[in-house]
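The values are calculated or read from the model by the stated rules, or taken from the named source; none is laboratory data. Values in this document were obtained by computation on a predicted structure and should not be read as measured data. Because the Cβ atoms are built from the backbone with ideal geometry, glycine has one as well, and the counts that use them run over all protein chains shown. We work out accessible area using only protein heavy atoms, side chains counted, and drop any ligands, DNA or RNA first. Shrake-Rupley method; radii C 1.70, N 1.55, O 1.52, S 1.80 Å.
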Amino acid sequence: MNELDTGVLPLPPRYRLRDLFLGEQPFPNDDRPQVEDFSLDSSLSQVQVEFYVNENTFKERLKLFFIKNQRSSLRIRLFNFSLKLLTCLLYIVRVLLDNPDLGIGCWGCEKYNYTYNGSASEFHWAPILWVERRMALWVIQVIVATISFLETMLLSYLSYKGNIWEQIFRVSFVLEMINTLPFIITVFWPPLRNLFIPVFLNCWLAKHALENMINDFHRAILRTQSAMFNQVLILFCTLLCLVFTGTCGIQHLERAGGNLNLLTSFYFCIVTFSTVGYGDVTPKIWPSQLLVVIMICVALVVLPLQFEELVYLWMERQKSGGNYSRHRAQTERHVVLCVSSLKIDLLMDFLNEFYAHPRLQDYYVVILCPTEMDVQVRRVLQIPLWSQRVIYLQGSALKDQDLMRAKMDNGEACFILSSRNEVDRTAADHQTILRAWAVKDFAPNCPLYVQILKPENKFHVKFADHVVCEEECKYAMLALNCICPATSTLITLLVHTSRGQEGQESPEQWQRMYGRCSGNEVYHIRMGDSKFFREYEGKSFTYAAFHAHKKYGVCLIGLKREENKSILLNPGPRHTLATSDTCFYINITKEENSAFIFKQEEQQKRRGLAGQALYEGASRLPVHSIIASMGTVAMDLQNAECRPAQGGGGGGGGKLALPTENGSGSRRPSIAPVLELADSSALLPCDLLSDQSEDEAAPSEDEGLSAVEYVKGYPPNSPYIGSSPTLCHLLPVKAPFCCLRLDKGCKHNSYEDAKAYGFKNKLIIVSAETAGNGLYNFIVPLRAYYRSRKELNPIVLLLDNKPDHHFLEAICCFPMVYYMEGSVDNLDSLLQCGIIYADNLVVVDKESTMSAEEDYMADAKTIVNVQTMFRLFPSLSITTELTHPSNMRFMQFRAKDSYSLALSKLEKRERENGSNLAFMFRLPFAAGRVFSISMLDTLLYQSFVKDYMITITRLLLGLDTTPGSGYLCAMKISEDDLWIRTYGRLFQKLCSSSAEIPIGIYRTQCHLFSSEPHDLRAQSQISVTMEDCEDTRDTRGPWGVRTSSGGGSVHGRQAGSADPAEHPLLRRKSLQWARKLSGKGGRQAGKAPAAQWTNQQRLSLCRRSERQELSELVKNRMKHLGLPTTGYEDVANLTASDVMNRVNLGYLQDEMNDQQNTLSYVLINPPPDTRLEPNDIVYLIRSDPLAHVASSSQSRKSSCSHKLSSCNPETRDETQL
């Protein structure tokens, strides 16, 4: 059969003219093999049979050539169109050569002159019937008419289908007969050679031929026909034919009247059809008047139909979006955005972030979406800023035609985003996967940027250039929020493009500093090409990081070796920089956009101003503090000499003196210099599975036999494919599934509540709807090997639905991880899971509530539930995930808070100024109390310009662990650490002692906003009054402030504890804030009379009773559930130090007060001269302890008399259970 198949050749690609008469001929190089005898009996003869696709007759070959074959049919129609245009042109030539004044008559007859007498009804018909036609012109017209007649008859014969009258009465056939048959008759009857023939009607035949020709053209080149283009062309040709017909008809008929020329007739037609009607030119006789009436009627019927069709196609094109021009795709650069549904928030986030980069201003954005354009999206895309750069196409990425319309094969990149508002997020991921496969199949060379919702679907799109898994990043970020406050805000600010100009016009100092530091982003540069780091070649990483920050204000966070593609964050002091290294740094702008201003200051001036406050003059600003507009930093390069320590600190010259053994009180301790190269004698070998922390060498005495020894290893069971292996603290033996249930006992233990477990650290509670695989990434960062065992917090998963066996198998190897079925809106569930023993509660957005009839109402239930928990448990730190970032303004909502109203106005002003981070000044976001995953969409957009951003973000979040790369942690600045004074000296201290790189500060400060001036004297009077009232209330003030100095709190804290909040200065601040929180009459007491002040005190007591009522409600529910109430800390039982701790961490807000009490914010890479304040939390990138051994704990103590407390950010007080 294979030999027979090869013997049949396909038809030739085009039908040749000689095939009409000779039939189908073999090709000249016909190498078809001869048919051999393949039968079993070779004696039998074989008959060769030829098969034809078309009937091999002369008529069929003619039909194939003239009609069926696209290429030959196109040539025939083009020839026909040219003939019709030629006839119209010959008619115009005949009119121009004709002169009625020379006489009118038939061919060879006597000529007569006819004059018009001015009557419309009395005229001569001879000027209408006879014209002057010269011999040469007549010969040409006869030849053209004969060819057209023969072609028409042939096509009519070939298209004949049994109905002769249908062929005869077609409009095109009748017009052909009128314009061709009279010329053929004049060949045989010469007197009729001057007979008028309306050849100008051939313009309609030319229009018909043009339409057919365009259709054949699109078929021949195998391209889809543009209906819009065809309709516009038809409309234009119809108007042209109407005007041409009217012009020629009026000119000819007026030969018997006013004798108009062609130009005057054309002017009359234009004026008439445009409904202007000046009246200066009018038809004189009734035939021309009748023609005008007929033409107007035809125009009134034909043109509205054409316009209606055009408008309909235009509206359909507006819905579908048309096509992206092939010429534009070849000359301009564009990216394609594929989404299942386009919302205005998603569109604006993408456009603002994409076009924030200067080199992307010339790019076009083509949006490919299967749904019709939204009204809000349509309104935005009509703005001139976007209308010239954004093209919306309605279509599916699964159709090659739509991908061809978007010119996907010419695109610079394709962004495929998932629909996170879908109820079934797995189905949304499946749609995303199919889109990615379709794009990869159609345009394999187009870079893909894919967003996936669930981590188990990530491996299906691992071929993409960049992939961001939403649930992975979300849960890892929420986990770090519990141990590094406001990590979500830190990462969000880093992945957003900002000018650093937000809030600079605000009168608030914190807003100006917070806004300026928010402009810091991650950039990269090759070290050999860098002015920042080139001088540190061959030096240690920490040395380069410290001096680059001191001299230029840039924060070096990581690098990448040329021979190794892995990015390392803070590789440590043993890593020496090479010229070929790629450096990653945090700065207000990239080095290429920086202008360097060299400036020499006098040594005496520097020495005198070294300890002054921040921002005291332009001449004293450091390198990083002079910021120019348009994203350019002007660098003021000062001397790189180290400033000597103030107050007679030891060490002269350019080096800081080492601290003395027992520094005298008159001398402030200094900081050791950062070494250029690491001391190899201090680098000891490291056991990968040993615990380097001194607190894990042996269990403490108070733990006793109940202490469980943990091991370090990789989790044996991963819940999904593609999770990055991370070394973690694990249980020696997997816990049984029954022991993972917190609220129910089993045969292994009888614990039924959190108190019975006797946890030493506060709980972390996660409220989620289901135990998805993404929740696994919440546990891993909190159980990573670099966390000290004594810092591990118990994790309780509060789930609406019971977890499946697969998930329990993945988490049963982690220590202190439990789950419980319940809901966050159920008080009993919260109490049973141990919320009174928790420091952090994470409320994850539920999938079932992400979609609502009104988009922004999806967060309504979550916001109200969290607001209720704020009132019931005011000391609890709650981190909430919202679907829409704009709803964060409702978190901790106060209707009469004037400061929140002022922030709302600031947000609107920043949005009008074009800021991408207009919501950054909202207090819940600045404090890291609220988070929306849509804020991380910019991470995928930024990876188009910075292909390393996803990798760096995953390293910071602990999702990936590269050997030798550091991790993100935090430390708290205590009162004993304030001798360091500034952030620059802290940078030196950390680099020289523990090789840690600070990248920012989380600052909390007391703030009281009011439109009226404060009366400090009145406040002091109220303070005294309240202190006097403390003795009358069972030795406890309104907030539980004991007057005695030796009493302890309900948590078992002793008055002489080492808590920094018990410092006399901080205790004084605590007392002041406790008095402010107790009532709002402090500002008015000095002005109001005593009766009004008394009424306010009564109102305060009424509100106080409301809070006590809430406290009693919680206690009653605990008693009903059989839970002990001794651990419940309500606001009435907080000590002064508790109040200050909660306030400083941004946890405690006063619902009774309409004014803001505290505010917290993140400072990314602050200037070196930024003053440190108590309770500042510093973000650190700590080097990998497995890559090399840092100095032992004992050597660290001996190197510095004032050791920094690198403890957990929150106060880790043990709960007395």
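Annotations
- Taking (1) farther than 16 Å from Val336 by Cβ; (2) outside any helix (DSSP H, G or I); (3) under 18 Å from the mean Cα position of the chain (by Cα); (4) not small (Gly, Ala, Ser) in turn, Thr492 satisfies each apart from (2).
- Pairs, first free of Cβ contacts under 8 Å to residues at least 60 places away in the same chain in segment 495-522, second among the hydrophobic types (A, V, I, L, M, F, W, C) and part of a loop (DSSP other than H, G, I, E, B), C-beta under 9 Å, six or more apart: Glu508/Phe1009
- Residue match in segment 69-83 (condition: in a helix (DSSP H, G or I), modelled with pLDDT under 75 and under 60 Å from the mean Cα position of the chain (by Cα)): yes
- From Gly713, Gly758, residue being within 27 Å of Leu955 (Cβ to Cβ), modelled with pLDDT of 80 or more and not acidic (Asp, Glu): Gly713
- When Asp947 is tested against (1) under 25 Å from Arg420 (Cα atoms); (2) charged (D, E, K, R); (3) loosely packed, with under 15 Cβ neighbours inside 10 Å; (4) modelled with pLDDT under 80, exactly one condition is not met: (4).
- From the list Ile557, Ile525, the lone residue that is in contact with a Lys or Arg (Cβ under 9 Å, 6 or more places away or on another chain), in contact (Cβ under 8 Å) with a residue 40 or more places away in the chain and either open to solvent by 10 Å² or more (accessible area, probe 1.4 Å) or part of a strand (DSSP E or B) (or both) is Ile525.
- Of the helices (runs of 4 or more DSSP H) entirely within segment 755-868, those holding at least 2 residues that are among the aliphatic types (A, V, I, L, M) and farther than 30 Å from Ser723 by Cα occupy 827-832.
- Of all residue pairs spaced 6 or more apart or on separate chains, those with beta-carbon atoms under 7 Å, a first member in segment 573-584 that is more than 12 Å from Ser530 (Cα to Cα) and a second member that is open to solvent by 30 Å² or more (accessible area, probe 1.4 Å) and among the basic types (Lys, Arg) are Thr576/Lys539; Leu577/Lys539.
- Pairing residues of segment 383-401 that are closer than 12 Å to Asn323 by Cα and aromatic (Phe, Trp, Tyr) with residues that are assigned to a strand (DSSP E or B) and open to solvent by less than 100 Å² (accessible area, probe 1.4 Å), at Cβ distances under 6 Å and at least 6 apart in sequence or on separate chains, gives Tyr392/Ile367.
- Qualifying residue in segment 154-162 (condition: within 19 Å of Val187 (Cα to Cα), open to solvent by 20 Å² or more (accessible area, probe 1.4 Å) and over 60 Å from the mean Cα position of the chain (by Cα)): no
- Test: residue in segment 767-774 that is open to solvent by less than 10 Å² (accessible area, probe 1.4 Å), in contact with a Gly (Cβ under 9 Å, 6 or more places away or on another chain), in contact (Cβ under 8 Å) with a residue 60 or more places away in the chain and not hydrophobic (A, V, I, L, M, F, W, C): yes
- So Met228, is it open to solvent by 70 Å² or more (accessible area, probe 1.4 Å), modelled with pLDDT under 85 and assigned to a helix (DSSP H, G or I): no
- Segment 929-958, residues that are over 11 Å from the mean Cα position of the chain (by Cα), closer than 15 Å to His496 by Cβ and small (Gly, Ala, Ser): Ser932
- Some residue of segment 184-202 being surrounded by fewer than 17 Cβ atoms within 10 Å (Cβ to Cβ) and closer than 30 Å to Glu60 by Cβ: yes
- Residue match in segment 281-290 (condition: in a helix (DSSP H, G or I), of a type outside the set (A, V, I, L, M) and either touching a Pro at 6+ places or on another chain (Cβ under 9 Å) or modelled with pLDDT under 80 (or both)): yes
- Residue in segment 340-349 that is assigned to a helix (DSSP H, G or I), of a type in the set (A, V, I, L, M, F, W, C) and surrounded by fewer than 18 Cβ atoms within 10 Å (Cβ to Cβ) present: yes
- Check on Asn761, of a type in the set (S, T, N, Q) and open to solvent by 40 Å² or more (accessible area, probe 1.4 Å): no
- For segment 816-824, the condition holds for at least one residue, the condition being that it is among the hydroxyl-bearing types (Ser, Thr, Tyr), modelled with pLDDT of 90 or more and open to solvent by 20 Å² or more (accessible area, probe 1.4 Å).
- Scanning segment 168-207 for residues that are under 60 Å from the mean Cα position of the chain (by Cα) and assigned to a helix (DSSP H, G or I) yields Val171, Ser172, Leu201, Asn202, Cys203, Trp204, Leu205, Ala206, Lys207.
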